[in-house]
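J.: Let me give you the structure first, and then I'll get to my questions.
The values are calculated or read from the model by the stated rules, or taken from the named source; none is laboratory data. All figures in this text were calculated on a predicted structure; none of them were measured in a lab. Cβ placement follows ideal geometry from the backbone for every residue including glycine, while neighbour counts extend to all protein chains displayed.
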């Protein structure tokens with residue numbers, strides 16, 4: 001039995017496809033309102049804020065994948081993420097279940113220095129502080145060897161389906177709609193984005209590789225880094241329409257944040273767009289050389305011209 005905790009998002013859905021097609025059809029999908037991806041999926045409705053419910057959801061699982069996401073709300077993150085992590089760790093320890101944690105990069109320094117797996121955390125802002133805290137909760141138990149676990153870390157998303165990110169919504173979704181993309185802060189800094197199906201496939205692969213446990217892994221990205229200007233040009237080549245782009249300065253976001261809470265929450269992330277973002281996944285590429293990474297051109301082409309193929 002493999003169990004996906006937080007089973008409704010794009011990452012979890014793509015992970016479920018990978019596990020079903022590659023590893024096992026004995027899958028349990030857990031969330032407050034889980035939905036089947038395959039006819040054989042077992043559904044469990046559980047609130048991960050409830051320790052007993054979390055333990056019961058994990059019971060009997062060989063591997064549990066923690067992919068839960070929350071709306072970008074600092075207070076919600078502070079109130080819920082630490083509890084969810086504590087309950088998941090305890091449940092996996094109780095049932096001798098391996099844990100695969102899907103993590104992000106919010107806690108990394110806001111600099112152009114390449115990010116690697118042992119980059120020290122320098123969280124700035126409430127959301128970054130929460131993410132650093134829950135990662136350290138798990139790392140501490142891994143160091144103590146009280147749990148067999150692995151951390152899979154991903155940079156900003158782009159991709160099909162329900163993929164949510166600033167780049168997807170402000171850039172690629174607008175291009176699909178024939179609108180001018182809105183570029184946050186700078187069109188000339190190099191960005192690292194991960195194609196969401198790649199992130200899910202890689203997480204499934206890592207979670208089913210015995211010697212991967214006990215480590216943090218950067219999930220695989222195209223080593224070519226594009227700026228938003230580059231992405232706009234590729235999009236123009238793909239669609240045959242050059243929409244150009246409009247750069248939105250930080251001060252405009254901050255003004256918008258005065259009247260719009262989601263915009264206010266996003267402003268914490270904006271300093272990351274001032275400088276190059278170089279997320280290095282060499283460790284993964286070295287260990288899994290046969291993994292086919294989606295290039296930016298391939299991803300942008302699929303995103304702008306094709307419907308997501310069925311599974």
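J.: Considering only segment 137-150, I want to know if a residue exists there that is surrounded by fewer than 20 Cβ atoms within 10 Å (Cβ to Cβ) and within 23 Å of residue 74 (Cβ to Cβ).
T.: Yes, the conditions are met somewhere in segment 137-150.
J.: So the check is Cβ under 7 Å with 6+ separation or different chains; which pairs have a first residue in segment 254-282 that's farther than 18 Å from residue 77 by Cα and a second one that's modelled with pLDDT of 90 or more and surrounded by fewer than 15 Cβ atoms within 10 Å (Cβ to Cβ)?
T.: Sorted first by the residue in segment 254-282, then by its partner, the pairs are 275/112; 276/112; 278/112; 278/114; 280/114.
J.: Got a sec? Which strands (runs of 3 or more DSSP E) wholly within segment 1-45 have at least 3 residues that are touching a helix residue (DSSP H, G or I) at 6+ places or on another chain (Cβ under 8 Å) and without any contact (Cβ under 8 Å) to a residue 60 or more places away in the chain?
T.: Because the criterion is at least 3 residues that are touching a helix residue (DSSP H, G or I) at 6+ places or on another chain (Cβ under 8 Å) and without any contact (Cβ under 8 Å) to a residue 60 or more places away in the chain, the strands (runs of 3 or more DSSP E) in segment 1-45 that meet it are 27-31.
J.: Specify the residue that is surrounded by the most Cβ atoms within 10 Å (Cβ to Cβ); the eligible residues are those in segment 45-64 that are under 16 Å from residue 137 (Cβ atoms) and within 20 Å of the chain's Cα centre (by Cα).
T.: It comes out as 64.
J.: Tell me which of these residue 168 doesn't satisfy, since it passes every other one: (1) at pLDDT below 95; (2) surrounded by fewer than 17 Cβ atoms within 10 Å (Cβ to Cβ).
T.: Just one mismatch for residue 168, condition (2).
J.: I'd like to verify a number: residues in segment 115-141 that are within 21 Å of residue 214 (Cβ to Cβ) and assigned to a helix (DSSP H, G or I), how many?
T.: Of the residues in segment 115-141, 11 are within 21 Å of residue 214 (Cβ to Cβ) and assigned to a helix (DSSP H, G or I).
J.: Also: From the list 83, 67, exactly one residue is surrounded by 19 or more Cβ atoms within 10 Å (Cβ to Cβ) and at pLDDT 95 or above. Which is it?
T.: One residue alone meets the criteria, 67.
J.: Continuing with this model, one more query. State all residues of segment 62-78 that are over 21 Å from residue 199 (Cβ atoms) and either in a loop (DSSP other than H, G, I, E, B) or in contact with a strand residue (DSSP E or B) (Cβ under 6 Å, 6 or more places away or on another chain) (or both); if no residue qualifies, say none.
T.: Answer for segment 62-78, where residues must be over 21 Å from residue 199 (Cβ atoms) and either in a loop (DSSP other than H, G, I, E, B) or in contact with a strand residue (DSSP E or B) (Cβ under 6 Å, 6 or more places away or on another chain) (or both): 62, 73.
J.: Does segment 142-165 hold any residues that are in a strand (DSSP E or B) and modelled with pLDDT under 95, and which are they?
T.: Result: 156, 157, 158.
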